[in-house]
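The values are calculated or read from the model by the stated rules, or taken from the named source; none is laboratory data. Keep in mind it's a predicted model, so treat the numbers as computed, not measured. When we count neighbours, we look across all protein chains shown, and the Cβ atoms used for this are built from the backbone with ideal geometry, even at glycine. Remember, those area values only see protein heavy atoms, side chains included, never the ligands or the DNA or RNA. Shrake-Rupley method; radii C 1.70, N 1.55, O 1.52, S 1.80 Å.
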Amino acid sequence: MTALGRARTDEEAAVEALIAQVPQWATSASAYAQLCPDVVSPMHRGVAGALWLVEPEGGASGVLKVPRPDMDGLFDRAAGATGAQLAGETGAGPGIIWADADGGAVAMEHLGKGWRTASLADLQEARVMKAALDAARAFQAGAALPVRFDVFAEIRALETRLIAANIALPADGWWMLEQGSAIEKAIAAAGHDLVPCRNDGVSSNIMIGPEGAVKLLDYDRAGMNDPAYDLAVLLTEVCAFASEREPYVEHWAGRADTALLNRTVVYGAADDLMWALWAMLSAETSPRVHVEFRKYAEWRLLRCRQAMLQPQFEERLRKL
């Protein structure tokens with residue numbers, strides 16, 4: 001670990017400046033270290049924000065999340081900080097020690113011993129999945145967030161940035177974008193409520209603790225949205241087949257619900273398209289060439305195609 005006051009890089013100097021702003025750490029922090037490398041595949045950690053472990057003298061360790069400069073404009077920093085605070089209040093995520101709404105930095109409790117990052121294998125266990133869904137529900141029961149998350153608006157904004165940067169879409173990109181528009185129209189026609197949503201289904205943003213406890217990390221896309229979106233993105237991450245989604249849809253809704261099942265499939269395709277466009281843009285614009293953005297884009301595009309090419313996809317759009 002690096003002793004406080006011994007910063008060796010500009011990044012570490014910026015971290016020390018943020019530590020000094022945290023009331024609980026300003027006079028007690030003694031050392032810090034990067035918690036994990038930035039990687040997008042096969043795990044997705046530390047990409048939108050760098051994670052730092054902070055060790056105060058005589059106190060519990062904490063984690064400082066610092067937004068990455070190359071992600072400016074691709075995530076709403078203020079929304080991420082506000083979402084993390086709500087997660088701490090509702091118990092869906094770690095407790096928040098301090099947050100900078102303007103800059104997006106967040107200091108949170110370190111879950112520590114007994115906690116580990118979830119894998120897709122872990123999420124094949126029904127009890128773990130149900131605990132993750134219950135945590136998402138707890139977050140949705142919290143106070144309203146000040147921003148709206150709209151996956152379709154995100155897709156349009158990313159498409160505009162790709163065109164402006166002269167980054168070519170895949171040969172069938174036009175078709176996937178048209179399908180995305182069809183999903184948007186079908187969802188609008190069916191209608192939905194708005195509740196606080198995390199809007200993230202990445203398995204490595206789930207922590208598993210003692211006795212099956214679960215905490216959800218990463219609120220960079222938090223905002224008011226259709227509650228089904230949180231269900232959809234997690235099921236899309238975990239379930240290879242629609243039939244595997246059925247028990248979790250029933251757990252979520254308290255009953256079998258074909259319309260909700262259909263919604264999880266089409267929302268999942270839209271989420272994959274959004275993340276693929278984000279990764280395509282990042283692959284060409286981010287200076288972090290060690291992060292496999294292009295590989296991640298191709299994986300998300302593949303899963304998006306698989307969903308949209310299903311013979312039942314059009315029928316699902318009509319039965320939301």
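Worth a mention:
- Residues of the stretch 76-135 that are over 27 Å from ALA153 (Cα atoms), assigned to a strand (DSSP E or B) and of a type in the set (Gly, Ala, Ser): ALA107 alone.
- Any chance GLU125 is acidic (Asp, Glu), out of contact with any Cys (no Cβ under 8 Å at 6 or more places or on another chain) and over 28 Å from ALA297 (Cβ atoms): yes
- The residues listed here are SER181, SER204; of these, the one that is touching a residue at least 60 places away in the same chain (Cβ under 8 Å) and in a helix (DSSP H, G or I) is SER204.
- Among the numbered conditions (1) over 21 Å from the mean Cα position of the chain (by Cα); (2) open to solvent by less than 30 Å² (accessible area, probe 1.4 Å), the only one that GLY95 does not meet is (1).
- Among the candidates ALA126, ALA118, ALA131, residue that is open to solvent by 40 Å² or more (accessible area, probe 1.4 Å) and among the aliphatic types (A, V, I, L, M): ALA126
- Number of the condition not met by ALA141 [criteria: (1) under 24 Å from ARG263 (Cβ atoms); (2) open to solvent by less than 50 Å² (accessible area, probe 1.4 Å)]: (2)
- Taken together, ALA276, ALA269 contain a single residue that is touching a Lys or Arg at 6+ places or on another chain (Cβ under 6 Å), of a type in the set (Gly, Ala, Ser), assigned to a helix (DSSP H, G or I) and within 27 Å of ALA132 (Cα to Cα), which is ALA276.
- Condition check for VAL22: under 25 Å from the mean Cα position of the chain (by Cα) and within 26 Å of SER286 (Cα to Cα): no
- Taken over the stretch 1-58, the criterion of being buried (at least 18 other Cβ atoms within 10 Å of the Cβ) and among the hydroxyl-bearing types (Ser, Thr, Tyr) is satisfied by TYR32 alone.
- Any hit, the stretch 144-163, residues being in a strand (DSSP E or B) and surrounded by fewer than 19 Cβ atoms within 10 Å (Cβ to Cβ): yes
- One residue alone among ALA242, ALA253, ALA269, ALA279 is open to solvent by 10 Å² or more (accessible area, probe 1.4 Å) and at pLDDT 95 or above, and that residue is ALA253.
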